[in-house]
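S.K.: Sharing a structure here in C-alpha cells format.
The values are calculated or read from the model by the stated rules, or taken from the named source; none is laboratory data. Only a predicted model underlies this, so the values are computations on that prediction, with no experimental measurement involved. Positions of Cβ are backbone-derived with ideal geometry, glycine not excepted, and every protein chain shown enters the neighbour counts.
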C-alpha cells in the first residue's frame, strides 16, 4: 500500500520544520555545566505537530528542523541527535489521539497517556539511542554522551510534560466538542 502525503501534511512539514528550527535555535536555554546541551522549547511544539499530523510528519519535522539547526548554528550536522529528534517526532504521534484532540477532547486520561509515552520516548531516544549512536558513529566518550543524553531526556521530558500538555490542552479547547452542537 502506497502512502502519499496530503497537501496539508506537506505544508505542516514545511512550516513545522521552520518553527522547530527557530525554536531550537533561538528559544532554548543553554546549560553551562553540560557542554552542547540546552533546555529545548522545540520538542513541545514537535509533540503538538506530531499528534495532529501523524508520525511521518513528526519524523520529518524533527529530522529537517534539527538538521537545519545543526547546520546553521553549529556548522555541522550531528546525525545521531538529528535521528533522535526524528524518532521522537514519530513517537510523539502515538502519545495522544489526534482525532480526539481535533474533536476537543484531551482529558485527564489522555494527559496521563501523553505524558507516560513522551517521558518513555525522551528517555529511550536521549538516554539510549543518541548516546549509543555517538559512541558507535563518532567514537565519543561514554560518560560524556550518556551525561548529555540523560540530562537532555530529563529536561525535554519536563518541557514536553509542561509546555506540550498546555499546547495540546489549549488546542483541544479551541475545537468544538463532537456532539456539542444541537439543531434548533
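S.K.: Answer with yes or no whether residue 102 is farther than 26 Å from residue 143 by Cβ and either touching a strand residue (DSSP E or B) at 6+ places or on another chain (Cβ under 9 Å) or without any contact (Cβ under 8 Å) to a residue 40 or more places away in the chain (or both).
M.R.: On the way: farther than 26 Å from residue 143 by Cβ: yes; either touching a strand residue (DSSP E or B) at 6+ places or on another chain (Cβ under 9 Å) or without any contact (Cβ under 8 Å) to a residue 40 or more places away in the chain (or both): no.
It is false that residue 102 is farther than 26 Å from residue 143 by Cβ and either touching a strand residue (DSSP E or B) at 6+ places or on another chain (Cβ under 9 Å) or without any contact (Cβ under 8 Å) to a residue 40 or more places away in the chain (or both).
S.K.: Would you say residue 61 is closer than 28 Å to residue 174 by Cβ, under 15 Å from the mean Cα position of the chain (by Cα) and free of Cβ contacts under 8 Å to residues at least 12 places away in the same chain? Quick ask: steps written out before the conclusion?
M.R.: Working: closer than 28 Å to residue 174 by Cβ: yes; under 15 Å from the mean Cα position of the chain (by Cα): yes; free of Cβ contacts under 8 Å to residues at least 12 places away in the same chain: no.
It is false that residue 61 is closer than 28 Å to residue 174 by Cβ, under 15 Å from the mean Cα position of the chain (by Cα) and free of Cβ contacts under 8 Å to residues at least 12 places away in the same chain.
S.K.: While we're on this one: Given region 73-137, what helices (runs of 4 or more DSSP H) lie entirely inside it while holding 2 or more residues that are within 21 Å of residue 18 (Cβ to Cβ), modelled with pLDDT of 95 or more and in contact with a helix residue (DSSP H, G or I) (Cβ under 7 Å, 6 or more places away or on another chain)? Even if it seems obvious, please write down each step before you answer.
M.R.: Details: elements: 79-92, 98-102, 108-124.
Filter on region 73-137 gives 79-92.
S.K.: Is region 169-184 home to any residue that is closer than 20 Å to residue 86 by Cα and either touching a helix residue (DSSP H, G or I) at 6+ places or on another chain (Cβ under 6 Å) or touching a residue at least 40 places away in the same chain (Cβ under 8 Å) (or both)?
M.R.: Kept after step one, since they are closer than 20 Å to residue 86 by Cα, are these residues of region 169-184: none.
No, that holds for no residue.
Listed here are the residues, each with its yes/no results for (1) under 22 Å from residue 97 (Cα atoms); (2) crowded, with 18+ Cβ neighbours inside 10 Å.
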| position | (1), (2) |
| --- | --- |
| 10 | yes, no |
| 22 | no, no |
| 27 | no, no |
| 39 | no, no |
| 42 | yes, yes |
| 52 | yes, yes |
| 62 | yes, yes |
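S.K.: Under 6 Å between Cβ atoms, at least 6 apart or on separate chains: pull out the pairs that start in region 110-126 with a residue that is farther than 25 Å from residue 80 by Cβ and end on any residue that is surrounded by 17 or more Cβ atoms within 10 Å (Cβ to Cβ).
M.R.: Here the result reads 110/96; 111/165; 114/95; 114/96; 115/161, each pair linking region 110-126 to a residue that is surrounded by 17 or more Cβ atoms within 10 Å (Cβ to Cβ).
S.K.: Taking only pairs six or more apart or across chains, which ones have beta-carbon atoms under 7 Å, a first residue in region 1-30 that is over 20 Å from residue 41 (Cβ atoms), and a second residue that is surrounded by 11 or more Cβ atoms within 10 Å (Cβ to Cβ) and modelled with pLDDT of 95 or more?
M.R.: Between residues of region 1-30 that are over 20 Å from residue 41 (Cβ atoms) and residues that are surrounded by 11 or more Cβ atoms within 10 Å (Cβ to Cβ) and modelled with pLDDT of 95 or more, the close pairs are 5/56; 9/53; 9/57.
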